Amino acid sequence: MFVSSESLAGRIIYRTLTPFLWEELKSQDTIKVELSDYLLRGGFPRSILTQNEEVSLEWRQSFITTFLERDMLQWGNFTPETMRRLWQMLAHVNGQTVNYSTLANSLGVTSHTVKSYIDLLSSTYMLYAIPPYFSNIGKRLIKAPKVYLSDSGIVTALLHIASFNDLFGHPGFGAIWETVVLANLKGHFPQA
């Protein structure tokens, strides 16, 4: 993020950059990417553009480590090990309604701490917390959101899924498909 000592009010526009969207990859003549690779590796350029699944997985695992041990530490008061465990738990419940109490008990922290960690991951664009739809605003604020990690490649790396055959047989395959659909919708319609 750009930081300036002068106010840029009215003179700056913020854009959220997403990993590659499927449409961007399939429309390229020079890049041949299969949908199965996109589901497994996600949309980060260094992950999807490599010709080797092992190199892609290694890059994603290194990204997760670097993100937790360097980037995240500037925002919160937590240990990288705790956040990694939470992120792995969220990968297992990807696409489901989050239960803050269950996650908190597993991590040995309070449910308010888990909620703040999830808010932190959401504000760093690593996950989407999708609020439930109710016409009653008060009810919507009380109900727990569904959580989706923002990139399918990160989900598969956290779940230690190394090949598409492993992914295809995994119980989380449907939720990973939903992750890809959501990421592409958010990329095309960022304000929705």
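Based on other C-beta atoms within 10 Å, arrange Val155, Val181, Val98 from fewest to most.
Numbers: Val155 30, Val181 13, Val98 19.
Final ranking by Cβ density, sparse to dense: Val181, Val98, Val155.
Kindly put Arg84, Arg46 in sequence by how many other C-beta atoms sit within 10 Å of each C-beta, fewest to most.
Values: Arg84 17, Arg46 13.
Ranked by crowding around the Cβ, least crowded first: Arg46, Arg84.
Extension gain Asn99-Glu23, at 0.36 nm per residue separation less the Cα-Cα distance, in nm?
Values: separation 76, 0.36 × 76 = 27.36 nm, distance 3.37 nm.
Answer, rounded to one decimal: 24.0 nm.
What is the distance, in nm, between label points placed 7 Å from the Cα along the Cα-to-Cβ direction at Glu81 and at Tyr133?
A separation of 4.3 nm, rounded to one decimal place.
Which of these, Phe63, Phe78, Phe164, has the largest mean-square fluctuation under a Gaussian network model of the chain (Cα springs below 10 Å)?
Phe78
Can you compute the FRET efficiency between Glu53 and Ser7 using 1/(1 + (r/R0)^6), with r the Cβ-Cβ distance and R0 = 35 Å? Round to the nearest 0.05.
Rounded to the nearest 0.05, the efficiency is 0.15.
Filter the cross-link list Lys32/Lys186; Lys26/Lys143; Lys32/Lys146 down to pairs whose alpha-carbon distance in this structure exceeds 27 Å.
Details: Lys32/Lys186 23 Å; Lys26/Lys143 38 Å; Lys32/Lys146 33 Å.
Flagged as over cut-off: Lys26/Lys143; Lys32/Lys146.
Would segment 83-192 count as rounded, prolate or oblate if I go by the C-alpha gyration tensor, calling it rounded below 1.5 in a/c and otherwise prolate when a/b exceeds b/c, oblate otherwise? Walk me through the numbers on the way to the answer.
Working: a/c = 1.86, a/b = 1.20, b/c = 1.55.
Since a/c reaches 1.5 but b/c is at least a/b, the shape of segment 83-192 is classed as oblate.
For Rg/Rh (Cα atoms, Kirkwood Rh), one of (1) 0.98; (2) 1.29; (3) 0.94 was computed from the structure I shared and the rest are decoys. Which label?
The value matching this structure is (1).
Any chance you could check the Cα centroid distance between segment 98-126 and segment 166-191 for me, in angstrom?
21 Å
If you rank Lys115, Lys143 by fewest surrounding Cβ atoms within 10 Å, what's the result?
On the way: Lys115 16, Lys143 12.
Going from sparsest to densest Cβ surroundings: Lys143, Lys115.
Would you mind getting me the FRET efficiency between Lys115 and Glu69? Use the beta-carbon distance for r and R0 = 22 Å, nearest 0.05. Walk me through the numbers before you get to the answer.
Details: r = 23 Å, r/R0 = 1.03.
Calculated transfer efficiency: 0.45.
Based on the alpha-carbon gyration tensor of segment 53-113 and its eigenvalue square roots a ≥ b ≥ c, which shape applies: rounded if a/c is under 1.5, prolate if not and a/b is larger than b/c, or oblate? Present the calculation step by step, with values, prior to reporting the outcome.
On the way: a/c = 2.82, a/b = 1.40, b/c = 2.01.
Oblate, because a/c is 1.5 or more while a/b does not exceed b/c.
Please give the charge dipole size of segment 1-83, origin at the Cα centre, charges +1 on K and R Cβ atoms and -1 on D and E Cβ atoms. Round to the nearest 20 debye.
Numbers: 8 positive and 12 negative charges, 60 e Å.
Magnitude of the dipole: close to 280 debye.
Read-outs: derived from the displayed coordinates by stated rules, not from any lab. What you see is a predicted model, and the numbers here were worked out from it, not measured in a lab. For neighbour counting, all protein chains shown are included, and Cβ atoms are generated from backbone atoms with ideal geometry for every residue, glycine included.
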